[in-house]
Amino acid sequence: MEVDTVTDSPPNLKVNDLLKNIRIDYDSLSKPVDDFVSSIRKAIDAIPEDFKVTSELAPRFVGDIGADKVGFSFKKPNGFSLSGSYSTRCMAKPDASVDLLVHLPNECFYEKDYMNHRYHAKRCLYLCVIKKYLLSSSSVEKVEWSTFHNEARKPVLVVFPAKKLDEIPGFSVRIIPSASSLFNVAKLSMSRNNVRSASADGVPQPTPTYNSSILEDMFLEENSELLKKTFSAWKELRDALILLKIWARQRSSIYVHDCLNGFLISVILSYLATHGKINKSLNALDIFRVTLDFIATSKLWDRGLFFPPQSENPVSKEEKMQFRELFPVVICDSSTLVNLAFRMTSVGFQELQDEASSTLKCMKLRDGGFEEVFMTKIDYPVKYDHCIRLHLKGKTEVSTSGFCLDKECWRIYEQRVHSLLKQGLGDRAKSIRVVWRNTNQDWHVESGLSVLDREALFIGISISSIENAYRTVDIGPDAENKIEALRFRKFWGDKSELRRFKDGRIAESTVGADPVKHEEFGTLKPWYDHIGGDAIGLTWTKHNSKKRERHEDEVEMNPIEMLKAVGKMGKGLVRDIYLLKPPRCL
């Protein structure tokens, strides 16, 4: 049993008690976990070799990601290794999952399988074979599909034991493929196009997200070993990681695919330890505080975080600049090739910084803010003034250009909805959050990707001020600014009008009508009643209009075109509007 090392001040005593309840007892857990992992390995090792694997195992998945030439002769894995929180002894209840890396054999892949999602297709088919044989094992109760960090083109297997572990209810093993040395890394540089359908006006575009998705698998083992070395002999660092996980899990707006997860938290801690930002004289709560301060205030985020390179050649200025141009957040691993934060968006990172800053203020309270920091769930209805859920099930417009190009269609749709709302609401909104958790536990890869629209798209909006919220007139660009005025008119359509104001200014503007009269918005009425949100009403009215002319030069209208189908759905589209005022630390 691990001994507590946090000093005995009242806040630290509470933290010690929390850690005692959250930590996993590895002494009692190691044998049953090792036994189950061993049975999984035996079942996989028993799979015969050299039989032909084809797309028939998951035809819809292969077709939906646009892959071809995916057949291969099955070969056994090159090896296995434990990864994730269990391997670093940083599991935190109720987390009950152990990560097992399955090292994919090179013989199953061709030199150019990094192109056009062939790697992703073969990766999935390899798991399909493993699942089939695991289900015949007496030690396995069931095998389910999940995804790696909510990336639908990268499924993983979740294996549940027939013999339950009393120490960890719901215990499972996640089987995650790794692909060390599978491809020439130069072919996966951030500037290259490796998805031929990802083009603009016939010109191939770089596919940095797609390339990063493959590179991530190629360096999974290496980065896992780095984290093991960092955390293995540093108990306070492990406890700080557990505290950060508890903190993040309590905040739905940041513990999500475009922001933070347990792996990235461990990476940030490892970076701070590697660069001497934290040391072994600090206790877990001190490390927790230093980490939040680094997240909230460090200027290093502007340049990107770079681990010391393994080779003697450091990352060049040009390479660093390329990472910063392609990704809003950069945490480059020691290979200098993988941005470990490639899924994080600028909006997600801003939410993370805001939450870190707010938490530091809470910790200045008399009792250290223990209840607010660790014990209070800050879900979306508490975080935002207004929450909307858009039900887009069966709406093929979301994936018109394909499910997977550089990014997956759901991530593109999140960005476009956010762009539309940001433009429509203007300074009425202090923050806008758009999240689509498009994967769920009952998903089967055999069903393909078209079923991943069952979950509603979530929109959270915090208003900037009551004055802005109730404003009835939005003043746009001056008439002399012809380019911006044209964009304004295109966005607002016939709701835009040129007006002269009392100060003599002549500008484009929109005037809000009585929101209560807009019956077509159904459950949006409370929004209008409470914040005067006619700006969003105008936006939706505009894009509901069937008579709106199409413009050949509608570059600025792309987000709106994506939402036109949403607008046509009318009543019943918007669900669950909450008007809860959260008690937050100011």
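Quick notes on this one:
Here's the yes/no breakdown for (1) surrounded by fewer than 22 Cβ atoms within 10 Å (Cβ to Cβ); (2) part of a helix (DSSP H, G or I); (3) of a type in the set (A, V, I, L, M, F, W, C):
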{"position": "216", "(1), (2), (3)": "no, yes, no"}
{"position": "230", "(1), (2), (3)": "yes, yes, no"}
{"position": "253", "(1), (2), (3)": "no, no, no"}
{"position": "282", "(1), (2), (3)": "yes, no, yes"}
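- Put simply, of 240, 200, 273 the only residue that is surrounded by 21 or more Cβ atoms within 10 Å (Cβ to Cβ), of a type in the set (Gly, Ala, Ser) and not assigned by TED's automatic domain parsing to the domain that holds residue 89 is 240.
- Taking the criterion of being touching a Leu at 6+ places or on another chain (Cβ under 8 Å) and either at pLDDT below 95 or assigned to a loop (DSSP other than H, G, I, E, B) (or both), the residues of segment 100-112 that qualify are 104, 109.
- Matching entry among 349, 323, 307, 327 (being in contact (Cβ under 8 Å) with a residue 24 or more places away in the chain, hydrophobic (A, V, I, L, M, F, W, C) and over 30 Å from residue 431 (Cβ atoms)): 307
- Residue check: residue 414 meets all listed conditions (1) surrounded by fewer than 21 Cβ atoms within 10 Å (Cβ to Cβ); (2) among the charged types (D, E, K, R); (3) assigned to a helix (DSSP H, G or I); (4) modelled with pLDDT of 90 or more but one, namely (1).
- Residues of segment 417-457 that turn out to be surrounded by fewer than 17 Cβ atoms within 10 Å (Cβ to Cβ) and in a helix (DSSP H, G or I), as a count: 5
- Residue list for segment 40-79, restricted to those being β-branched (Val, Ile, Thr), farther than 21 Å from residue 137 by Cβ and surrounded by 14 or more Cβ atoms within 10 Å (Cβ to Cβ): 62, 65, 70
- The one condition from (1) closer than 18 Å to residue 215 by Cα; (2) touching a Leu at 6+ places or on another chain (Cβ under 6 Å) that residue 90 does not meet is (1).
- Residue that is closer than 28 Å to residue 38 by Cβ and not in a loop (DSSP other than H, G, I, E, B), where the choices are 133, 210: 133
- The condition of being of a type in the set (D, E, K, R) and touching a Gly at 6+ places or on another chain (Cβ under 7 Å) holds for only one of 433, 437, 411, that being 433.
- Selection status of residue 194, in contact (Cβ under 8 Å) with a residue 24 or more places away in the chain, buried (at least 20 other Cβ atoms within 10 Å of the Cβ), assigned to a loop (DSSP other than H, G, I, E, B) and outside the structural domain of residue 321 (by TED's automatic domain parsing): yes
- Condition met for residue 403 (more than 19 Å from the chain's Cα centre (by Cα) and of a type in the set (Phe, Trp, Tyr)): no
- Failed item in (1) assigned to a helix (DSSP H, G or I); (2) within 25 Å of residue 364 (Cβ to Cβ); (3) β-branched (Val, Ile, Thr), with residue 267 passing the rest: (2)
- Taking the criterion of being hydrophobic (A, V, I, L, M, F, W, C) and surrounded by fewer than 18 Cβ atoms within 10 Å (Cβ to Cβ), the residues of segment 149-184 that qualify are 158, 160, 162, 165.
The values are calculated or read from the model by the stated rules, or taken from the named source; none is laboratory data. From a predicted model like this one, the values you see are computed outputs, not experimental measurements. Using ideal geometry, Cβ is built from the backbone for each residue, glycine included, and neighbour counts are taken over all protein chains shown.
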